1. Treating only the Cβ atoms of Lys and Arg (+1) and Asp and Glu (-1) as charged, compute the dipole magnitude of the chain about its Cα centre; round to the nearest 20 debye.
2. Where both residues lie in the stretch 5-356, what percent of DSSP beta bridges are antiparallel, nearest 5?
3. Using the crude model of +1 on Lys and Arg Cβ and -1 on Asp and Glu Cβ, and no other charge, please compute the dipole size for the stretch 486-617 relative to its Cα centre, in debye to 20.
4. Enumerate the amide H contacts of I103 below 5 Å, restricted to partners 5 or more residues apart or on another chain; note that Pro and chain-start residues carry no placed amide H.
5. Sum -39500 (n - 2.57) across every DSSP H segment of at least 4 residues in the chain, then divide by the residue count to get the 222 nm mean residue ellipticity, nearest 500.
6. Please report the antiparallel percentage of DSSP beta bridges with both residues in the chain, rounded to the nearest 5.
7. Going toward the positive end of the dipole of the chain, with +1 on Lys and Arg Cβ and -1 on Asp and Glu Cβ, which of M513, P384, P331 do you reach last?
8. For the chain, what is the convex hull (Cα atoms) projected area averaged across all directions, in square nanometres?
Amino acid sequence: MKRDKRYDCLFEPLAIGPVVAKNRFYQVPHCNGGGYRDPSAAAQMRRVKSEGGWGVIFTEQVELHHSSEITPFIELRLWDDADIPMLAKMADCMHEGEALAGIELAYSGVNGPNLYSREVPMAPTAMPIRTFTNDPVSARALTLSDIADLRRWHRNAIRRARIAGYDLVCLYGAHGFGIIQHFLSSTTNHRTDQYGGSLENRSRLMRELLADAKDEAGDSMGVTLRLSLHELTDGLGFSNNEVRDLIGMHGELPDLWDLAHGSWEACSGTSRFTAEAAQQDLVKGIRELTDRPIVGVGRFTSPDVMAKQITSGVLDFIGCARPSIADPWLPRKIDEGRVEDIRECIGCNICVTGDMTMSLSRCTQNPSFMEEWRKGWHPENMNPKGDSSTVLVVGAGPAGLEAALSLGRRGYQVSIAEKNIVVGGRVTLESTLPGLGAWARVRDYREYQISQMQNVNVYLDNDLNAADILEFGADHIAIATGSKWRSDGVARQHVLPLDVHNDMPVFTPDDIMTGAKPVGNVVIYDDDHYYMGSVLAERLIEQGCSVTLVTPSAYVSEWTLNTLEQGFIASRMLELGVTLKLNTSLASVARDAVQLQCVYTGARHELHADAVLMVTAREPERGLWDALQDVSGEWEKHGVKSIKIIGDADAPAPIAWATYAGHRFARELDAPPLGDALPFKREVTQLLSV
């Protein structure tokens, strides 16, 4: 197929200083949880994007000097020449598809606690370190001599980046994480010398670092600057008006302006709280202040929205992080006229949790993300079919749909049996909840792709039993029957069922999602700690209930600290009038009240309630699996070679775990057993002789 002419503007080349990007698709720097620990995994991930047609591909933030590092977070490092080979490997991977290779250099300043290097942190002004974990250390103020050192360290890093083969270097001053922003912002710059006070003074370091970078880069590398579009804290900060003033004053200094929303939480807002192209008002009109190109982000997934950003003159490059993770081949699919094949980002921020938990990132839509090198998984190409021919997948939720789609791509004859009259399982239910509409893309992408395949058949309204499955005659069976929410309060705080009076109406998330409507004063007991408790609170408020949310945690939806949305969730709850009971457990449930208990002191108090909603743990639906185990002796005579349970039916977890489980089942079917060998490759720290 040919590219739609409406998108031709996205494929026009454009110069960034001395280098030229082949198109307008710009993968902005993004973390991946690999960094210096898993450099080959990170490099191969970027290589697949180059293959997928991106014109510019950047690393994540790269620590440029050991005096400012962000342990425990795992990013890349360019502390000395020993770091050049791993970064050169990544640049080579980026170049394979003729993308420009970019490196983002970061000096974290007031965000660098230096827990590994044990160096005293340095910042524009002496103040406590500003980190996610409120590390109890402070930074000292940079002296003029320190600033001279800082400039030299930047030059050293740029020299090393040039040796490693990079085409672009980005100086990081966005999201509150980079030293340039710390000098620009009145929140973190209280200096009274030539580097403080007026905007002209606060931008002095920026000008010096850009001049040094241009000098060091020469005519072989473009120099870009990444800034936040808006930052305000208690009336201080670096506002959007100041950003515009700065660009108006110094528009020609970098070869490109890379403009991000504000804080990382705002820039990478989840789809629950942030729409596509959400930063447009902040960036609109800036293009008129400079003759240098501008890249901006906005969780762009629609080619029409992307093209409008270019044709309207708002942006010159379409910046993508999360959409490039969900579909590394996004540009290629647009170019080939295959827009319907794009795996659209759902904006869940599971990818961010990899960085926040110091583990490898995942993607709900793209199970191959960060497995390209470790397992040899490619997001578009499957391994060839094995010796078997037919597979029956029982259950068409996220695990079952992904398994069927990937098996079909391998060449198997696949049948999906779903007991409901629609596919999607939990995704279909959860996407009807407030703010989660984009999550339906998990179902929609797979349902559409399967509908185009002759070798995959879906049978709805088919509730099979063990005998039915054995008689079906498939070589392999995948049990993907999902899970259900418990109603007895068992989760983390309570490992045994709570004492619940029979007269108290008790609901689960499944009940609410399938139409149940409690009335009156509803107590939500959230011992799940992800999004569900707060989303259901919002739904109940919509239905006219008054809601008290009780959680043993010190935060509402505590795990969403890792998805950068906990603050937004807490604000939403308070705005809606939800009463929050933090550090509080549900002790028992009476006829018309609940007993609440402080998790620290054990002190109890009673609260009136008309209904209770338990958001605690989920039980896997293993009934069919157990029944098949009971007749395992009959498998062989029915021609069944294997039966495996996958996804939530095996162990409930977020949706990304389910799509991964389905994909892994499909990849590994008919593969020889590994025995005790690792199922993935890893890199091991090298011992140096002393």
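1. Dipole of the chain, to the nearest 20 debye: 900 debye.
2. Taking every DSSP beta bridge with both residues in the stretch 5-356, the antiparallel ones total about 20 percent.
3. 160
4. Residues meeting the criterion, in which the H sits 1.01 Å from N, are T59, L168, V169, C170.
5. -8000 deg cm²/dmol, from helical runs alone.
6. 25
7. Ranked along the dipole, the leading option is P331.
8. The orientation-averaged projected area of the Cα hull of the chain comes to 32.7 nm².
Quick note: the coordinates plus some simple rules give every number you see, no bench work behind them. Everything numeric in this text was worked out from a predicted model, so none of it was measured. Reconstructed Cβ throughout: ideal geometry from the backbone, glycine too, with neighbour counts over all protein chains shown.
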